[in-house]
Structure formats: structure tokens, C-alpha cells
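Peer 1: Got a structure for you, written out below as C-alpha cells; questions coming shortly.
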Amino acid sequence: MNVNTITYRNFRNIEDATLQFTPGVNILWGNNAQGKTNALEGIYCFACGKSFRGVHDRELLRFGAETGGLDLHFTDERRQQHLSLQLFRSKSRQMKKNGVAIRKSADFVGTFHGVLFCPEHLAMIKGAPALRRSFLDAAISQLKPAYLAALTDYASVLKQRNALLKQEEQSVSARMPLLDVLTAQMAELNTRIVLTRMKYIRLLDTSVSGFLEDMTQGREHASLAYRSDAEPEAHNEDGAAISSAFYEKCMSYASREFAAQTTLHGCHKDDILISLDGREARLYASQGQDRSITLAMKLGEGELSRAATGEYPVFLFDDVLSELDSGRQQYLMQRLGGRQVIMTSCNESLFAGMDVNMIHVDEGCYEMACPVKNPFAEESE
Ligand code: ATP
Ligand code: MG
């Protein structure tokens with residue numbers, strides 16, 4: 001999959017620009033605060049249906065602008081595709097896929113596939129479980145729109161359930177029938193989400209351990225496992241059994257949940273257990289090892305996307321090269337043959353002599369230079 005062009009109108013600090021990319025490595029380079037990350041943010045909006053910076057649509061609009069938007073032209077295995085996103089300050093966004101209006105973000109996601117790697121992701125190994133869950137959710141949603149729909153429904157049921165647990169005007173017994181209904185809905189959605197995540201992690205585990213061994217010449221071994229409330233029952237992957245066990249468990253905790261005024265169990269608490277040489281990476285990995293595992297997870301995400309769709313997604317790397325030592329930089333550049341990469345950097349000299357498409361970024365304006373030779377480039381896979 002390759003991005004051909006993207007047009008930005010009143011998006012962040014970009015008033016009006018069209019960027020053209022080559023199928024190989026593209027570098028957006030320039031000083032701080034010029035619009036490098038903004039450009040990547042626009043592209044990734046089409047992969048996930050929202051900004052990776054977790055902001056509202058109105059914050060994506062250029063200061064003072066009432067409307068703006070993005071147009072992405074890309075080529076996948078089958079054809080040229082066109083996605084567009086129109087943003088408004090005072091009403092909801094409008095989305096189009098090949099000229100046809102679409103209503104839900106879930107119908108939009110899954111057409112364009114991207115793997116994003118930004119400096120914030122380097123906190124994924126040591127940080128809170130929410131970071132690891134969002135990695136999983138972003139990766140799986142692109143491959144399985146039904147998963148995104150289940151996540152959205154789960155979030156809505158969870159919100160209603162938490163509101164009910166907090167609502168002290170009614171007695172506990174008066175709230176019990178509705179709690180029962182919401183718990184049954186949550187159990188069913190929880191099961192779908194957990195089973196999908198477990199399957200994804202099993203596949204990712206193989207890919208990540210391969211990349212890490214390759215990167216460290218066999219010195220380091222990682223393994224990934226999904227850690228869930230529903231785990232003991234989920235081993236047999238019998239959806240009905242998991243759902244009913246989860247429902248029973250939640251109901252048996254109801255009195256604690258009324259006291260805590262929040263839902264204590266469910267996939268919104270789950271985690272990925274990442275081990276390095278048999279020990280929990282969260283507790284023992286060095287900073288360099290964190291970086292290696294994260295990089296292996298991102299490359300693994302790309303492999304799983306390729307296995308599911310038949311082609312590599314577009315890799316979007318926001319200023320991560322400077323976070324890696326020269327060995328890992330070289331490894332990354334070597335592994336990227338045959339994929340389209342759009343990378344940002346403040347440091348032009350990192351790419352001297354490489355066959356990459358250099359695009360200079362200056363105050364929301366973009367200027368392309370002539371491509372030169374990349375000594376790291378592999379033959380297309
Ligand atoms: P760095 O190297 O520091 O990461 P960058 O080139 O990636 O810099 P961006 O994150 O793309 O910088 O931001 C560029 C500029 O866009 C910043 O000055 C930021 O304040 C500005 N900006 C952010 N949102 C908006 C907006 N809605 N309207 C106008 N400008 C914005
Ligand atoms: Mg940036």
C-alpha cells in the first residue's frame with residue numbers, strides 16, 4: 001500500500017499544501033514546530049479515523065478557520081483509492097470513500113492501513129496498561145472493523161454501568177435489574193474483544209520474538225501474552241463459556257462495585273504481559289531494551305497487517321530514528337525495504353547519501369528535493 005498524495009486545507013498549521021510521496025522512504029525534515037508531526041497526524045487520521053494525539057476535530061482545524069480537511073489518494077493491491085475528511089468547527093465531520101459519503105468512522109477505518117511509531121510509544125513497555133491496550137486497539141481495529149464497533153459499544157455500556165453504580169438516589173436493590181442487563185451486554189462484548197486480542201497477541205508474539213532475535217543477533221528473547229480477567233476460562237476459546245463466567249464474576253462483585261462506584265473487571269483493565277528472557281520487561285528491561293522491543297512490536301504489527309491484507313501498511317515514523325542508537329537505526333533502515341515509509345526528523349544529515357525522498361518542512365510549507373541513493377535499501381520483498 002502506498003500513499004500517492006495528501007492534501008491539507010486549514011489542518012493544524014498547514015493552510016494549504018499537497019504532499020507527494022514515493023513508494024520507498026520519504027523524509028519530512030526541518031526545525032522544531034514547523035509541521036512535521038502535523039503532516040503525519042493527517043495521514044494517520046485515515047488509518048484510525050481520529051488523531052493519534054487524542055484531540056477533538058475542532059483542535060485539528062487551523063487557528064481561526066471554520067472549515068478544513070484532508071484528501072488522501074493511495075494505491076492498494078487492487079486500485080487507486082480516495083478518502084476525504086471534511087472538518088467543521090461547529091458541526092460534525094463529513095467523510096467520503098471514493099466519492100461516496102459514509103456515516104460512521106467504523107466504515108472509514110480499515111481501508112487505509114498505517115503503522116505509527118512515535119516517541120510516546122517508547123513508554124509502552126514501562127508505562128500504564130492503557131498504553132499497551134491502545135497499541136492493540138489501534139492495530140486490530142484497522143484489520144477488523146467489527147472489533148472497533150465492539151470496542152465502541154463496550155465503552156458505551158461501561159459508561160452507562162459506571163453511571164448506574166454512582167447513582168446514589170436509588171437503592172442498590174432498585175438498581176440491580178438494570179445492572180444485570182448491562183452486565184450481560186458487557187460480558188458478551190468483553191468476550192468478543194478478549195478473544196480477538198488473544199488471537200492477535202499469539203500471532204504478534206511469534207513475529208516480535210523473531211525481530212528481536214534478529215536485531216540482537218540471538219542475544220535477547222521476548223515473549224508476549226495477553227493478561228485478562230477472563231483468561232482462565234478463555235483458554236478454551238469457548239465464547240459462550242467465557243461470557244457466562246465473566247457475567248457470573250461481575251455479578252458476584254456487584255456489592256464491591258456499588259461501594260467503589262465503578263466497574264472493577266473487564267477488558268478495559270486488561271494488559272499485555274511482555275517478557276524479556278523470561279522476566280517481566282516492565283520491571284527489568286533497560287531503556288535500550290525497551291526501544292528494541294517497541295521497535296520489534298511495530299515491525300510485527302506491520303507483518304500482521306500484511307498477513308491479513310496481503311500487502312504492507314504504510315509505516316509512519318515520527319522522529320524515532322534519533323531515539324535509536326546507530327545499530328538499531330541501521331537495522332530499522334535495512335528492514336524497511338519493500339515498504340513505504342514516511343518519517344520525520346530534525347536532522348537532515350542522518351539521511352545523507354541515502355536513496356530517500358527528502359521533503360523540507362518550513363512553517364506549514366513543504367518543499368521536495370531530488371531523491372538520492374540509499375545504501376541500506378534491500379531488494380523489494
Ligand atoms: P517538533 O520537531 O518539535 O516535533 P514539528 O515540526 O513536528 O516539531 P508540529 O507538531 O507539526 O511540529 O507542530 C507545528 C506547529 O503547529 C506548532 O507550532 C504548533 O503550535 C502548531 N499548531 C498545532 N495545532 C495548530 C492549529 N490547530 N492551528 C495552527 N497551528 C497549530
Ligand atoms: Mg514533531
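Peer 1: Filter segment 349-381 down to residues that are modelled with pLDDT of 90 or more and touching a His at 6+ places or on another chain (Cβ under 8 Å), then give me how many there are.
Peer 2: 2
Peer 1: Follow-up. Pairs only if they're at least six apart or on different chains, beta carbon under 7 angstrom, first in segment 302-327 and farther than 16 Å from I140 by Cα, second more than 16 Å from ligand 1 (Cβ to nearest atom) and charged (D, E, K, R); list them, first residue then second.
Peer 2: Listed by first residue and then by second, the contacts come to E323/R291; L324/R291.
Peer 1: Does segment 281-292 contain any residue that is modelled with pLDDT of 95 or more and in a strand (DSSP E or B)?
Peer 2: No, the conditions are met nowhere in segment 281-292.
Peer 1: While we're on this one: Would you tally the residues in segment 53-83 being touching a Phe, Trp or Tyr at 6+ places or on another chain (Cβ under 9 Å), open to solvent by less than 70 Å² (accessible area, probe 1.4 Å) and assigned to a strand (DSSP E or B)?
Peer 2: Counting residues in segment 53-83 that are touching a Phe, Trp or Tyr at 6+ places or on another chain (Cβ under 9 Å), open to solvent by less than 70 Å² (accessible area, probe 1.4 Å) and assigned to a strand (DSSP E or B) gives 11.
Peer 1: Give me the pairs, please: first residue somewhere in segment 27-55 and over 18 Å from M95 (Cα atoms), second residue anywhere and near ligand 1 (Cβ under 9 Å from one of its atoms) and of a type in the set (S, T, Y), beta-carbon distance under 7 Å, and either six or more positions apart or on two chains.
Peer 2: Filtered contacts from segment 27-55: I27/S345; L28/T344; W29/S345; K36/T344; T37/T344; L40/T344.
Peer 1: Can you report the number of residues in segment 7-18 which are open to solvent by 50 Å² or more (accessible area, probe 1.4 Å) and more than 8 Å from ligand 1 (Cβ to nearest atom)?
Peer 2: Residues meeting the conditions: 4.
Peer 1: Just to be sure I understand the filter: pairs with C-beta atoms under 7 Å, separated by 6 or more residues or on different chains, first member in segment 272-301 and without any contact (Cβ under 8 Å) to a residue 60 or more places away in the chain and over 22 Å from K199 (Cα atoms), second member open to solvent by less than 20 Å² (accessible area, probe 1.4 Å) and in a strand (DSSP E or B). Which pairs pass?
Peer 2: Within 7 Å, the pairs are Y284/L276.
Peer 1: A further question on this structure: Based on what the data block shows, is S322 within 16 Å of ligand 1 (Cβ to nearest atom), under 25 Å from the mean Cα position of the chain (by Cα), in a helix (DSSP H, G or I) and modelled with pLDDT under 95?
Peer 2: When the stated conditions are applied, S322 passes them.
Peer 1: Scanning for something open to solvent by less than 40 Å² (accessible area, probe 1.4 Å), over 30 Å from Q160 (Cβ atoms) and within 16 Å of ligand 1 (Cβ to nearest atom), does segment 267-286 turn up at least one residue?
Peer 2: Checked segment 267-286: no residue is open to solvent by less than 40 Å² (accessible area, probe 1.4 Å), over 30 Å from Q160 (Cβ atoms) and within 16 Å of ligand 1 (Cβ to nearest atom).
Peer 1: Working only within segment 19-72, note down all residues that are near ligand 1 (Cβ under 9 Å from one of its atoms) and at pLDDT below 95.
Peer 2: Within segment 19-72, R53, V55, R58 meet the criteria.
The values are calculated or read from the model by the stated rules, or taken from the named source; none is laboratory data. Quantities reported herein were computed from a predicted structural model and do not represent experimental measurements. Please note: Cβ atoms are built from the backbone with ideal geometry, for glycine as well, and neighbour counts cover all protein chains shown. Only protein heavy atoms, including side chains, enter the accessible area calculation; ligands, DNA and RNA are left aside. Shrake-Rupley method; radii C 1.70, N 1.55, O 1.52, S 1.80 Å.
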